[in-house]
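Taken together, the values in this text are just the output of simple stated rules run on the coordinates, not laboratory data. Keep in mind the model is a prediction, meaning the values are calculated, not measured. Glycine gets a Cβ as well: all are built from the backbone with ideal geometry, and neighbour counts include every protein chain shown.
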């Protein structure tokens, strides 16, 4: 029950196994709206009580057997805390925890580190009432600061007029600067910063629309630059508050408070010397869930986010585990052999994308065997893979799509990859070259494992200027594998400019 | 092992439960190519032996535990049958059945009636060697005729030149006419005709591309008009054989034989007085599979194709059965109440689409709860629903998409629905009106069942000129249901031009 938004999220899970979000109800309650020295406003408490009562009834009706109701800075800092708690708890029917600053930061941190690969850096959580910045070192929570700089509060204090003036925005920036002034651990440190909360998601959504981002709506893992945020600030400030919801991606019930929120975020990034923030679509609520889901692990951290993401989809889409693992083994063996022969430079990130695509290449069979490469592309792209950056997700999805039929192609995700390339990449043949090389490894591995019986045990490569010779070791009759792999001659030609020759060892 | 194409299809199934195509290998062997009075050509037998050997090795490697190898008219009618069988059986390693005319028709019939709603009409199966036409009456197989009018044979006899002349095409039409002359049960009967085989699928694919069909590639259930086939005949005949594969949808290895096949199909349709053929993507191979899958049922018929299709997807996408069944119950109750009040005319087809969409509305949650209406649209549309016509499939998918968030819209499938509308529809408010009315029923039902606990047991409607009053009977606290259903006021306004009022009975 946040200072701006109330949200009920329902998870279904097997402890230690897999989990799934199954329902969500959201209300723009604006609990901290109109708050003053005497505490939260009676109208706000009435709206809050109404929503809380509905959530209680929902949990009863749906038979949710473990309810965690929490609230944050609006109630924590409000002068009429007891009155507020009575409203939120529906006179005791819901047990509502008022999170301390430390708890709020802790759960936000848990949501962020369990859905990103953040090891060292910061988590920035901007709510309606307060902003938390948490330091993360070696995946552990370090320093935490909380300041009453939430989007609703700052709007009411600095930007409540219909028109936002440049001087109001400057005043807000100065205020944020002063509030963060003595925090040495945050000043000019640079590095990774993960952002959570509704305001940050809204800004990402707006920016994606303004640039017609190809993965529009895929917010988790999106990098939003400070420059981009400043552009959005200008766009919003140029419009009267009542007309800002015309900006694509900006919902009506956030149209007034997002400008102040954006200024706060931009100021924090500037102070920290961070050029872009990584959007995390999870947060406090998910953090509370992870504590239960991962119990009794302490701290409740998923050991390997990327592996967990891939295995979640392998399970969801019912991939044939022995088959896909063997395809990965052969594909990675090819990848390593190409490096050994100097035909490419081994890159851990490429290798991991190849692994992920190998595990998920058959996901689309769930929809239909025909065109299952296209269905797999859709399923992987739209489910998302927390822990992978968007350009990696795009490459993995393109590999799934390119694992059979036709020449693999960067379109329609070219833009995502090109943007990344502009920021520098290790491969020397560009994204198209990477896609072709990885797809070649995956396709040959898949063909060698066509019989799904793990009959091809291993492989080595030899190369001449014009030829790539693939030597396999086999148990049983290798004729299907040889015939199938032979169909991949064209991709070897496009990827390496060499003829594929096949032979069985021994 | 057909007269033109060899295909290995692998099904995974639980007898009497669900089934899934899991692998497919295809070779354009052209077994009947170059056949003469002394039987099948030695080159053709060599190609056939090579493919058969590969299929045998595949079945061994993959551990396929039930192999059914069959061949049809090329071997059946060839003078060197024993020699051919030796090649196909890989010297006895595969047990190959040479299907009789009756068996070939029987399995084609089983494939067709188990994947369409055909009750009375005909099945037309055009292969490389022969054409079968089977009469279906009350879902049972009636008369059967087989003639040596296959696409490869007719190409070699009438249209083997690089350029097809009008007189050659006329001669082929006359020949088909003569061959079918004495078949009274086929002459001018009209009615439904279901088409199976590679040539018919190819023609459908070509035609879909030529008109930029929105469900491009979804061949099963597509209606291809005789007029459309005749257009394709003109298009193909205008090009030399070696250039026909430039026509979108026409594969290289069918580029020469599809013209003759199209002429045969057009001639049969003309003779039967049928204006369009319904494409069935299943056939003989699936028929053989159904015999095993449905055993010991005799005849091996799926009792209700549409129900089976929907339930297959409910199972595949792991929908919450008690929840979706209750949503259907409430949605259909609304539908019937609207009819009782004279607010629309009850239509069994609409009612069934509403049921299917109700069963599948949550399918997309498998991919992600966020945007699950969009994911469900993709999953339903791309898996397909055998037994439903394309305009019904489109409407069901649009309803899944429209079951939450925003105003339901006909785009991007408008074309499919408009085409159907042009051929006449029973509803008086067009497809958009139908979509709105059905989506309204579905959305209100879903909201009433928001708690997923079947607390709303039933409903009745009352209407005035300006108001639609929904009266529910409830077990337990109905406040979530009432609040949720209240969110659907806008769609009631667009569908019926009335205000929604809610009340709890008793």
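For chain A, the relative contact order is 12 percent, taking Cα pairs closer than 8 Å that sit 6 or more residues apart in sequence and dividing their mean separation by the residue count. A point 7 Å from Cα along Cα→Cβ stands in for residue A:102, and the other copies hold the same point at 8.7 nm, listed in rising order.
Full extension of the chain between residue B:238 and residue B:499 yields a length gain of 87.9 nm, computed as 0.36 nm times the residue separation minus the alpha carbon distance.
With contacts taken as Cα pairs under 8 Å at a separation of at least 6 residues, the range A:102-286 carries a relative contact order of 32 percent. Need one word for the range A:306-504: rounded, prolate or oblate. Basis is the Cα gyration tensor (sqrt eigenvalues a ≥ b ≥ c); a/c below 1.5 gives rounded, then a/b vs b/c decides. Oblate is the answer for the range A:306-504, as a/c is 1.5 or above yet b/c matches or exceeds a/b. Annotation for residue B:85, label-to-label distances across the other copies: 8.9 nm (shortest first, one decimal, point 7 Å from Cα along Cα→Cβ). Residue-normalised convex hull volume from the C-alpha trace of chain B: 156 Å³ per residue. Roughly speaking, what % of Cα-Cα pairs in the range A:406-506 are separated by over 16 Å, rounded to a whole number? Taking all Cα-Cα pairs of the range A:406-506, the fraction more than 16 Å apart is 60 percent. Distance between the 7 Å Cα→Cβ label points at residue B:349 and residue B:43: 5.0 nm. Quick check: pseudo-label points 7 Å beyond the Cα along Cα→Cβ at residue B:209 and residue A:411, how many nm apart are they? Once both label points are built, they end up 1.6 nm from each other. Is the shape of the range B:91-197 rounded, prolate or oblate, going by the alpha carbon gyration tensor and its root eigenvalues a ≥ b ≥ c, with a/c under 1.5 for rounded and a/b larger than b/c for prolate? Oblate. Would you mind calculating the gained length between residue B:66 and residue B:85 on full extension (0.36 nm times residue separation, minus the Cα-Cα distance), in nm to one decimal? Full extension of this stretch gives 4.9 nm more.
Ranked from shortest, the separations from the 7 Å Cα-to-Cβ label point of residue B:165 to its equivalents in the other copies are 9.2 nm.
Short-range pairs are left out: with C-alpha atoms under 8 Å and at least six residues apart, the relative contact order of the range B:1-145 is 20 percent.
Across peptide A:447-454, the mean count of Cβ atoms from other chains lying within 10 Å of each residue's own Cβ comes to 4. Quick check for you: which residues of the range B:31-59 have the amide N under 20 Å from the point 7 Å beyond the Cα of residue B:253 toward its beta carbon? Taking a point 7 Å out along Cα→Cβ of residue B:253, the residues of the range B:31-59 whose backbone N falls under 20 Å are B:31-35, B:40-59. The shape of the range A:161-318 can be summarised by an equivalent ellipsoid whose semi-axes, obtained from the alpha carbon gyration tensor, come to 31, 21, 14 Å from longest to shortest. For residue A:469 and residue A:120, a Förster radius of 25 Å and the Cβ-Cβ distance give a FRET efficiency of 0.05, rounded to the nearest 0.05. Principal-axis analysis of the Cα atoms of chain A puts helix A:390-401 at an angle of about 40° to the longest axis.
Among the residues of A:377-387, the average count of other protein chain beta-carbon atoms within 10 Å of the residue beta-carbon is 3.
Angle check, please: helix A:321-340 long axis (alpha carbons) against the longest principal axis of chain A (alpha carbons), in degrees 0 to 90, nearest 10. Helix A:321-340 and the main axis of chain A meet at about 70 degrees. When the alpha-carbon atoms of the protein assembly as shown are used, the pair Rg, Dmax equals 32.1, 104 angstrom. FRET efficiency for residue A:93 and residue A:143, Cβ-Cβ distance as r, R0 = 51 Å, nearest 0.05? Here the calculated transfer efficiency is 0.85. Peptide packing for B:189-196, A:321-328 was compared via the average number of neighbouring C-beta atoms within 10 Å per residue; ordered from the highest value, the list is B:189-196, A:321-328. The mean count of C-beta atoms from other chains within 10 Å of the C-beta of residues in A:19-25, rounded to a whole number, is 4.
Rounded to the nearest angstrom and listed largest first, the equivalent-ellipsoid semi-axes of the range B:6-98 from its Cα gyration tensor are 27, 13, 12. When chain B is turned onto chain A, the axis of that turn runs closest to one Cβ of chain B, and that residue with its distance in whole Å is B:378, 3.
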